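Below: the structure, in structure tokens.
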Amino acid sequence: MENVKIIVGLGSCGIAAGAGKVYDEIARIKEADNLTFDLAKTSCIGMCFREPLVEIIDETGSYLYGEVDVKRIDEIIEKHIVNFSPIKEYIVKSDQFDTPYKDYFDGQVKITLRNCGNIDPEHITEYENKSGYQAIKKITSEKVPPEDVIKSVMDSGIRGRGGAGFSTGMKWNFARNSKSDEKYIVCNADEGDPGAFMDRSVLEGDPHSVLEGMIICAYAIGANHGYIYCRAEYPLAVKRLNLAINQARERKYLGTNLFGIESFDFDIIVKEGAGAFVCGEETALMASIEGQRGMPRKRPPFPAVQGLWKKPTNINNVETFANIPWIILNGPAAYSQYGKEKNRGTKVFALTGKIKNGGLVEVPMGITIKDIIYKLGGGIIDDKKFKAVQLGGPSGGCIPEYLSDTPIDYESVTATGAIMGSGGMVVMDETTCMVDVARFFLDFTQKESCGKCTFCRIGTKRMLEILTRITQGEGREEDIPALEELATRIKDATLCGLGNSAPNPVLTTLKYFRNEYEAHIRDKKCPSLYCKKLLTYEVIPDKCTGCVVCKRGCPVGAIDGDKKVVHFIHQELCTKCGDCYSKCKFDAIKIY
Amino acid sequence: MFRFSFFINSIKMNMRVSRIKLSSGISEPGLDVDLLLIDPVIERYKGKQGNLIPLLQGAQNIYGYIPKSVFDKISSETGLKKNDLYGVATFYAQFRLKPVGKVVVRVCHGTACHVQNATKITEDIQTFLNVKDGETTEDRLFTLESVACLGCCSLAPCMMIGDETFGKLNGKKAVEVVKNIKRKETLDNKPNQSKPELWKT
């Protein structure tokens with residue numbers, strides 16, 4: 001048992017699923033039974049749909065167990081560790097045999113997430129053992145000129161992974177060419193898109209890769225100060241970042257005269273956000289670091305010329321920085337072999353919604369939506385009909401099922417009306433109402449609008465009112481043209497990305513699901529049977545046995561009927577709570 | 001809604017503060033606020049660039065919200081304008097100007113949770129606790145909040161109470177969880193402002 005190692009995945013989602021208790025239980029058993037295996041921690045491997053995950057590595061190979069709870073871990077230790085017989089049905093990944101999740105792993109190329117789930121993020125040596133900090137050491141020991149570092153980044157073809165997709169190498173070049181005694185680097189970790197959590201996963205699982213990326217950037221553009229602007233909603237990420245920064249300082253990877261180069265001074269501070277979606281926009285983010293309200297300003301001047309504290313500033317996303325050390329170490333060609341033309345490398349997506357394998361996947365650029373959903377994602381929950389996928393969060397749009405052959409690259413996605421965004425992919429099935437989805441996103445952007453531009457502040461509010469009205473069955477014929485007009489005006493007359501893209505969910509749903517809007521407005525019906533006020537509950541006489549379960553359960557007494565007599569729902573009293581539908585054992589209630 | 005109020009002048013902001021005072025007997029318990037507690041935070045950030053948000057975050061960490069008297073103290077000791085402090089505090093969703101209940105129930109309303117019907121969870125808890133979203137119960141035991149995304153999308157729909165996340169919920173299960181906590185807390189019967197801690201790794 002000396003060479004046996006048990007590793008527990010302790011990312012935020014693992015902890016939420018109970019991994020902390022599992023870890024404690026393993027520690028307890030280890031001590032109680034005097035077992036000699038090593039117990040270690042790691043972070044999220046991306047397989048959120050089977051959390052908590054526990055990996056056992058022994059002489060024969062590695063075995064990843066899924067959905068391990070306190071009860072199951074007893075059984076696993078008993079059978080696997082004590083009796084040397086792995087329990088195949090609980091194993092989701094192994095190097096010894098194939099599991100049902102083969103496609104999920106084989107379809108991925110892990111560059112950004114190369115260490116996530118493989119190392120203990122709280123120990124710098126584990127990162128160093130995986131060629132960590134070798135990229136910056138290589139650059140500094142070989143005295144590679146900063147221009148050549150920027151050229152490597154440019155040649156790799158990497159584009160900003162935060163969403164806009166601007167060439168990272170070009171951005172660095174602008175910042176390098178700005179003359180100033182002080183320059184700043186900011187890592188944008190304000191991952192505000194609901195449904196996106198890849199940045200959190202990188203920060204929790206491999207914080208040093210982000211730090212190293214920033215140090216390389218500092219070397220390339222000549223910056224002395226770095227900030228990581230992280231959401232306050234990610235307490236574990238903040239904690240691990242601060243830990244990583246302290247370790248890097250001890251190793252002299254951060255500080256003054258770094259790597260034997262005189263006047264190469266660089267240090268990083270973590271700034272916690274205070275809960276504002278708009279702070280993901282770069283000028284708003286800088287305002288927030290400066291301690292002001294996070295409101296975007298006009299560009300130019302671009303941050304590369306005049307950014308934080310009016311000094312040249314380079315801002316990149318977490319995912320972008322995490323890729324940099326790998327690119328430097330493996331060469332730009334190794335990165336650009338994935339993808340094609342203007343879209344190179346890999347991208348991490350957060351798969352959520354009505355999908356079987358919800359979690360993180362890292363795929364080469366250019367893969368189709370269909371492949372992600374069916375090959376990696378395993379298809380739709382309960383094998384329902386796939387309707388659409390929302391790409392790019394509240395600023396993105398819905399791509400319908402018939403466009404699922406669209407390749408994932410910046411240009412193709414933009415052509416559909418959606419945006420690549422940070423990589424949130426919310427899958428929707430036939431039971432999702434597209435008008436309600438549009439209303440949901442408008443509700444979000446409306447609340448998150450900073451209020452600076454009139455069209456964003458008031459326009460989104462008016463759009464939300466119209467959409468709410470439609471979902472409540474009070475839609476009017478003139479609502480669709482009104483939505484379209486407002487959408488165009490908001491796009492034209494706002495300053496920042498939030499306003500420009502706020503109407504996207506409405507425009508794309510109008511483009512691809514106009515019939516649903518029309519059904520809501522004209523027929524006062526919700527085709528997906530989601531919008532409560534538009535539903536009608538009725539008893540199917542042939543199926544009703546008169547068991548009185550629904551009658552007794554109805555909170556408003558809207559159901560009439562005696563024992564063994566077909567029941568009747570009084571429509572004028574019905575509040576459409578759905579209680580009768582879920583209680584009926586004979587499927588005798590229909591909704592339409 | 002406060003996000004739109006960037007142009008609102010200080011008069012309106014004072015109105016907001018007075019509204020807090022008037023809303024119920026529990027808010028702004030001036031006597032409970034120990035102003036000495038904030039001294040180390042002021043000491044640490046005084047005179048530093050970009051200190052406004054960390055000062056407010058520090059204050060909220062101590063008191064659970066930012067009492068009016070603390071605004072006054074920060075302003076007079078650091079020279080930051082009260083106007084700017086209020087402006088920032090009302091802009092960001094994180095800052096509270098009212099005390100919170102002992103137990104904060106955070107229902108996730110991210111996209112993944114929304115398509116899995118998180119609305120019903122908030123509605124059912126609202127009915128059970130008899131409060132609106134964002135409000136605190138009269139006994140100061142529960143505060144009900146909606147949050148944008150807890151990042152546990154694969155457990156959707158979910159909510160977070162203290163350090164624990166509850167996933168794969170529906171309205172009934174969620175109310176059951178809250179009911180159990182209420183039963184336990186009522187037995188202890190000591191509502192105060194304890195701060196939940198994150199599970200430590």
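Consider A:Gly397 carefully, then state whether it is in contact with a Pro (Cβ under 8 Å, 6 or more places away or on another chain), among the small types (Gly, Ala, Ser) and at pLDDT below 95. Give the steps one after another, and end with the answer.
Numbers: in contact with a Pro (Cβ under 8 Å, 6 or more places away or on another chain): yes; among the small types (Gly, Ala, Ser): yes; at pLDDT below 95: yes.
Against the criterion (in contact with a Pro (Cβ under 8 Å, 6 or more places away or on another chain), among the small types (Gly, Ala, Ser) and at pLDDT below 95), A:Gly397 qualifies.
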TODO: Among the residues of segment A:75-96, count how many are within 15 Å of A:Ile7 (Cα to Cα) and either of a type in the set (Lys, Arg) or exposed (fewer than 15 other Cβ atoms within 10 Å of the Cβ) (or both).
DONE: 1
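If you scan segment A:261-299, which residues turn out to be small (Gly, Ala, Ser), assigned to a loop (DSSP other than H, G, I, E, B) and within 11 Å of another protein chain (Cβ to nearest Cβ)?
Narrowing segment A:261-299 to residues small (Gly, Ala, Ser): A:263, A:273-276, A:280, A:284, A:287-288, A:291, A:294.
Still in the running and assigned to a loop (DSSP other than H, G, I, E, B): A:263, A:273-276, A:291, A:294.
Selection gives A:Gly273, A:Ala274, A:Gly275, A:Ala276, A:Gly291, A:Gly294.
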Task: Count of segment A:38-57 residues which are away from chain B (no Cβ under 11 Å) and at pLDDT below 90 - done: 1
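Scan segment A:180-193 and give yes if some residue there is more than 14 Å from chain B (Cβ to nearest Cβ), in contact with a strand residue (DSSP E or B) (Cβ under 9 Å, 6 or more places away or on another chain) and over 30 Å from B:Ser154 (Cβ atoms), otherwise no.
So the first thing to find is which residues in segment A:180-193 are more than 14 Å from chain B (Cβ to nearest Cβ), and the list is A:180-181, A:183, A:185, A:187-188.
Keeping just the survivors that are in contact with a strand residue (DSSP E or B) (Cβ under 9 Å, 6 or more places away or on another chain) gives A:183, A:185, A:187-188.
Among the residues that remain, those that are also over 30 Å from B:Ser154 (Cβ atoms) are: A:183, A:185.
Yes, segment A:180-193 contains a residue that is more than 14 Å from chain B (Cβ to nearest Cβ), in contact with a strand residue (DSSP E or B) (Cβ under 9 Å, 6 or more places away or on another chain) and over 30 Å from B:Ser154 (Cβ atoms).
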- [ ] Could you identify the single residue in B:Gly101, B:Gly151 that is more than 8 Å from every other protein chain (Cβ to nearest Cβ), in contact with a Lys or Arg (Cβ under 7 Å, 6 or more places away or on another chain) and of a type in the set (Gly, Ala, Ser)?
- [x] B:Gly101
Open item on the list: Exactly one of these conditions fails for A:Ser12: (1) within 10 Å of chain B (Cβ to nearest Cβ); (2) on the phi > 0 side of the Ramachandran plot. Give me its number.
Closed with: (2)
- [ ] Give B:Thr122, B:Thr90 a once-over and let me know the one that is within 11 Å of chain A (Cβ to nearest Cβ), part of a helix (DSSP H, G or I) and surrounded by 17 or more Cβ atoms within 10 Å (Cβ to Cβ).
- [x] B:Thr90
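Within segment A:132-207, considering only helices (runs of 4 or more DSSP H) that don't extend past its boundaries, which have at least 2 residues that are farther than 20 Å from A:Gly423 by Cβ?
On the way: elements: A:134-141, A:146-156, A:168-177, A:198-205.
Per the criteria, A:134-141, A:146-156, A:168-177.
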- [ ] Restrict the check to segment A:250-257 and report whether at least one residue is within 14 Å of chain B (Cβ to nearest Cβ) and either under 23 Å from A:Glu122 (Cβ atoms) or crowded, with 20+ Cβ neighbours inside 10 Å (or both).
- [x] no
Task: Positions within segment A:300-315 being within 14 Å of chain B (Cβ to nearest Cβ) and in contact with a Pro (Cβ under 8 Å, 6 or more places away or on another chain), in sequence order - done: A:Thr313
TODO: Collect the residues in segment A:446-479 that are polar (S, T, N, Q) and in contact (Cβ under 8 Å) with a residue 60 or more places away in the chain, keeping them in residue-number order.
DONE: A:Ser449, A:Thr471, A:Gln472
Task: Number of the exception - B:Leu37 against (1) farther than 28 Å from A:Thr575 by Cβ; (2) in contact with a Ser or Thr (Cβ under 8 Å, 6 or more places away or on another chain); (3) touching a residue at least 12 places away in the same chain (Cβ under 8 Å) - done: (2)
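State all residues of segment B:45-87 that are assigned to a loop (DSSP other than H, G, I, E, B) and within 11 Å of chain A (Cβ to nearest Cβ); if no residue qualifies, say none.
B:Lys48, B:Gln49, B:Gly50, B:Asn51, B:Leu80, listed by residue number.
Can you confirm whether segment B:136-153 contains a residue that is under 18 Å from the mean Cα position of the chain (by Cα), charged (D, E, K, R) and crowded, with 19+ Cβ neighbours inside 10 Å?
First, pick out the residues of segment B:136-153 that are under 18 Å from the mean Cα position of the chain (by Cα): B:136-150.
The next check asks that each one be charged (D, E, K, R); those that pass are B:138-140, B:145.
Of the ones still in play, those that are also crowded, with 19+ Cβ neighbours inside 10 Å are B:145.
Yes, because at least one residue in segment B:136-153 is under 18 Å from the mean Cα position of the chain (by Cα), charged (D, E, K, R) and crowded, with 19+ Cβ neighbours inside 10 Å.
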Task: Filtered residues of segment A:116-167 (kept if farther than 26 Å from A:Arg251 by Cβ and surrounded by 22 or more Cβ atoms within 10 Å (Cβ to Cβ)) - done: A:Ser156, A:Gly157, A:Ile158, A:Arg159, A:Arg161, A:Gly162, A:Gly163
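Looking only at residues in segment A:415-434 that are among the hydroxyl-bearing types (Ser, Thr, Tyr) and more than 15 Å from A:Gly162 (Cα to Cα), which one is surrounded by the fewest Cβ atoms within 10 Å (Cβ to Cβ)? If you could, list the steps in order and put the result at the bottom.
Step one: of segment A:415-434, the residues among the hydroxyl-bearing types (Ser, Thr, Tyr) are A:416, A:422, A:431-432.
Now restrict to residues that are more than 15 Å from A:Gly162 (Cα to Cα): A:416, A:431-432.
Values: A:Thr416: 19, A:Thr431: 15, A:Thr432: 22.
So the residue we want is A:Thr431.
Each row is one residue, and each column tells you yes or no for (1) under 24 Å from A:Ser152 (Cβ atoms); (2) at pLDDT below 95; (3) buried (at least 24 other Cβ atoms within 10 Å of the Cβ).
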{"position": "A:Lys183", "(1), (2), (3)": "yes, no, no"}
{"position": "A:Asn188", "(1), (2), (3)": "yes, no, yes"}
{"position": "A:Ala196", "(1), (2), (3)": "no, yes, yes"}
{"position": "A:Glu212", "(1), (2), (3)": "yes, no, yes"}
{"position": "A:Cys217", "(1), (2), (3)": "yes, no, yes"}
{"position": "A:Ala223", "(1), (2), (3)": "yes, no, yes"}
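Residues that are within 14 Å of chain B (Cβ to nearest Cβ) and β-branched (Val, Ile, Thr): does segment A:202-225 have at least one?
The first filter runs over segment A:202-225 and keeps only residues within 14 Å of chain B (Cβ to nearest Cβ), leaving A:202-205, A:207, A:225.
Add one more test, that the residue is β-branched (Val, Ile, Thr), and what stays is A:202.
Within segment A:202-225, one or more residues are within 14 Å of chain B (Cβ to nearest Cβ) and β-branched (Val, Ile, Thr).
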Task: Residues of segment A:506-553 that turn out to be closer than 30 Å to A:Glu485 by Cα, among the polar types (S, T, N, Q) and surrounded by fewer than 16 Cβ atoms within 10 Å (Cβ to Cβ), as a count - done: 1
Open item on the list: If I go through segment A:299-325 residue by residue, how many of them are in contact with a Lys or Arg (Cβ under 8 Å, 6 or more places away or on another chain), within 21 Å of A:Arg159 (Cβ to Cβ) and surrounded by fewer than 23 Cβ atoms within 10 Å (Cβ to Cβ)?
Closed with: 1
TODO: For segment A:340-348, indicate whether the set of residues that are assigned to a strand (DSSP E or B), touching a helix residue (DSSP H, G or I) at 6+ places or on another chain (Cβ under 6 Å) and under 25 Å from B:Gly110 (Cα atoms) is non-empty.
DONE: yes
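The values are calculated or read from the model by the stated rules, or taken from the named source; none is laboratory data. It should be emphasised that the depicted structure is a prediction, and the values quoted were computed from it without experimental measurement. Reconstructed Cβ throughout: ideal geometry from the backbone, glycine too, with neighbour counts over all protein chains shown.
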